[in-house]
Amino acid sequence: GLLGRAGKAEIHVYTRSATIIGAATLAVLSCGGGGDSPTGPAAPTTGTVYFRLDGASCAAVGTITINFYIDGALVGSGNLSAGQTSAGYTTSAGSHATSARVANTTYSWAVNATVPAGSSWTTTLLCT
């Protein structure tokens, strides 16, 4: 009788032990286990370029149509008055040649820009 109980108790402990180990293993696996580290969202790789017609130096020019370029490619145009800013143009982060030209003229600006990832750069157009 007593030996039978001891045998039952031993089997019961073993079964319980296996359940605890199984639960611990399952918990580790569901957390990624073995040194896996979670990764967040990818870092941004683009930024936005704006063009701003300087308020002080361009006060007398009125409203003008300007074509906007990034690395020599036309990205858009807009009608700007002194102090106004264009729409934003998305480009890759890093160094770029920004330029602008008054429509139907040869008057232009060229500014080297460093566009930050996930942020913006404003090219200011001075009227001299």
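The values are calculated or read from the model by the stated rules, or taken from the named source; none is laboratory data. The structure displayed is predicted, hence computed values, not measured ones. Here the Cβ is made from the backbone with ideal geometry for all residues, glycine too, and neighbour counts use every protein chain on show. Surface accessibility is based on the protein's heavy atoms, side chains included, excluding ligands, DNA and RNA. Shrake-Rupley method; radii C 1.70, N 1.55, O 1.52, S 1.80 Å.
Quick check, is residue 81 of a type in the set (Ser, Thr, Tyr), over 25 Å from the mean Cα position of the chain (by Cα) and either at pLDDT 95 or above or within 21 Å of residue 127 (Cβ to Cβ) (or both)? Steps first, please.
Numbers: of a type in the set (Ser, Thr, Tyr): yes; over 25 Å from the mean Cα position of the chain (by Cα): yes; either at pLDDT 95 or above or within 21 Å of residue 127 (Cβ to Cβ) (or both): yes.
In short, yes.
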- line: Residue count, region 50-100, condition among the hydrophobic types (A, V, I, L, M, F, W, C) and over 15 Å from residue 112 (Cα atoms), comes to 13
message: Return the residues of region 100-128 that are more than 19 Å from residue 55 (Cα to Cα), β-branched (Val, Ile, Thr) and either surrounded by fewer than 11 Cβ atoms within 10 Å (Cβ to Cβ) or over 28 Å from the mean Cα position of the chain (by Cα) (or both); say none if nothing qualifies.
response: 105, 106, 114
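Does region 87-96 hold any residues that are open to solvent by less than 50 Å² (accessible area, probe 1.4 Å) and over 17 Å from residue 53 (Cα atoms), and which are they? Talk me through it step by step, then tell me what you get.
Step one: filter region 87-96 for residues open to solvent by less than 50 Å² (accessible area, probe 1.4 Å), giving 88-89, 91, 93-94, 96.
Result: 91, 93, 94, 96.
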query: Does at least one position in region 52-67 carry a residue that is farther than 19 Å from residue 126 by Cα, open to solvent by less than 70 Å² (accessible area, probe 1.4 Å) and small (Gly, Ala, Ser)?
result: no
